[in-house]
Amino acid sequence: MVTTHARLRHSKAAFPSERSPLRIAILGYRSDPNVGGQGVYVDYLSQSLAEAGAHVDVISGPPYPELTSDVRLLKIPSLDLYAQPHHGHYSLRPRHLLSPTDTYEYFGHLSGKFVEPYVFGQRAYRFLKQRLQDYDVILDNQTLANGTLRIQSSLKLPLVTMIHHPVTQDRTLALEAAQTWRQRWLIRRWYAFHHMQIRVARRLNVMTCPSEAAKNDIVDAFGIAPDRIHPIPLGVDQSAFRPRPHIPRSPKRIISTASADTPLKGLPVLLTAYRQLLDTHPGLELVVIGKLKNGQARRTLSELGLEHRVQFKSGLSRQELAEEFCRAAIAVTPSLYEGFGLPAAEAMSCGTPVIVTDGGALPEVAGKAGIVVPRGNANALATAIADLLGRADARRSVGEACLKRAKAEFDWRRIAPRYLSLMEEARAHAC
């Protein structure tokens, strides 16, 4: 998918100090915005910091992002095993054995571990070791690896680390959903990197996260002092995600976003609620932004007989995604947990009424504008959807409240200066 970069039409934000513009490197072990929310974050953040006057490089492993012309992309190649035929099982070459990092990446991957954070951290450390004078501050996008810690401890570069939410949440929900001992073993194997992330996080000086809920969960899961974590909400590209009065809303269309078929996203709960609603709303549509994969959602579709009723759409540009939000009567985020919940904020920016669960930070995103239901409760979700479907005036008022909140809270022009201030704090801490 090629992402359309609608430029964030921002005026230059005032810099938080009288120093020269910050030279910032953003680290991401995979930063393509089309494969997950962390890539969208890198895209938004790098562009908004550049608009605010900083000099920004994104240092990324594959899959790589597509960035605005104001931001430079520096690629750190890996074996990229998930993109290879047979998941890279036959990708090892003799030259890889000359590199301990390549060797670990291959055999760790082969044994069922998720090793991308660790190996990217090693490569990023070596990369920055040769460029100590190029940057004033480094922002790590949740790599939380031994190598990124060495950037702070050995290279003495000011480091700010974004933790979107503790990966222990994903691990716990995945284990709860597992049905066999083999599935539980594979899940524990896959998430083994969480021990490294906890150990590294406890030694970091400056961290940020996107919500108060995420902060509380990070403190509890990682054992970190609360005063070392500084929540800053995420923003939305409001030049793309905005109301489009010329696009008629379908009064019988629900939209949701599922970037991954994992228990955390709660898609089976929405599918169950949708099946209940079809008894009283036979013409109801459900559009899911994301690819249907072989997983729990596909099994639920089959069990409920919904294979030909639910539309899955992927490969959309940012503009096309915004238009989908504008066509829908209601946007639903059924996640069991979110550290923020960017799709809900994007839908709100389009003036689309949102229904979210009480999982993680979603009530913070919706505020008093959206509707909040208990997570994992298909009956409550169906009731909330039916209530809005039956009242056009309620959909209109909730949509207007969502738009007002989005304009006030999710504007990068207000958010970027907070990042710059935190980065200045990290510089002062490193001195």
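The values are calculated or read from the model by the stated rules, or taken from the named source; none is laboratory data. Quick caveat: nothing in here was measured; it's all calculated off a predicted structure. Glycine gets a Cβ as well: all are built from the backbone with ideal geometry, and neighbour counts include every protein chain shown.
Listed values, structure above:
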| quantity | calculated |
| --- | --- |
| Unmet criterion (only one of (1) under 21 Å from S335 (Cβ atoms); (2) at pLDDT below 95; (3) not small (G, A, S)) for E212 | (2) |
| Criterion violated by H195 - all others in (1) crowded, with 21+ Cβ neighbours inside 10 Å; (2) part of a helix (DSSP H, G or I) satisfied | (1) |
| Long-range neighbours under 6 Å by Cβ, at least six apart or interchain, first residue farther than 24 Å from G360 by Cα within segment 168-190, second hydroxyl-bearing (S, T, Y) and surrounded by 15 or more Cβ atoms within 10 Å (Cβ to Cβ) | none |
| Criterion (touching a Phe, Trp or Tyr at 6+ places or on another chain (Cβ under 8 Å) and in the same structural domain as P65 (by TED's automatic domain parsing)) met by exactly one of L175, L157 | L157 |
| Extreme residue, surrounded by the fewest Cβ atoms within 10 Å (Cβ to Cβ), among residues of segment 54-68 that are more than 21 Å from P117 (Cα to Cα) and modelled with pLDDT of 95 or more | H55 |
| Residue satisfying all of: in segment 289-324; within 21 Å of P343 (Cα to Cα) and of a type in the set (K, R); surrounded by the most Cβ atoms within 10 Å (Cβ to Cβ) among these | R318 |
| Some residue of segment 203-222 being touching a strand residue (DSSP E or B) at 6+ places or on another chain (Cβ under 7 Å) and surrounded by fewer than 15 Cβ atoms within 10 Å (Cβ to Cβ) | yes |
| Helices (runs of 4 or more DSSP H) contained in segment 86-161 and holding at least 1 residues buried (at least 23 other Cβ atoms within 10 Å of the Cβ) and in contact (Cβ under 8 Å) with a residue 60 or more places away in the chain | 116-129, 146-153 |
| Test: residue in segment 69-81 that is out of contact with any Cys (no Cβ under 8 Å at 6 or more places or on another chain), part of a loop (DSSP other than H, G, I, E, B), of a type in the set (A, V, I, L, M) and at pLDDT below 85 | no |
| Segment 301-324 residues that are within 15 Å of P33 (Cα to Cα), paired with ones that are of a type in the set (D, E, K, R) and at pLDDT below 95 (beta carbon under 8 Å, 6 or more apart) | S314/K291; R318/D237 |
| Test result for T161, under 24 Å from the mean Cα position of the chain (by Cα), modelled with pLDDT under 90 and polar (S, T, N, Q) | no |
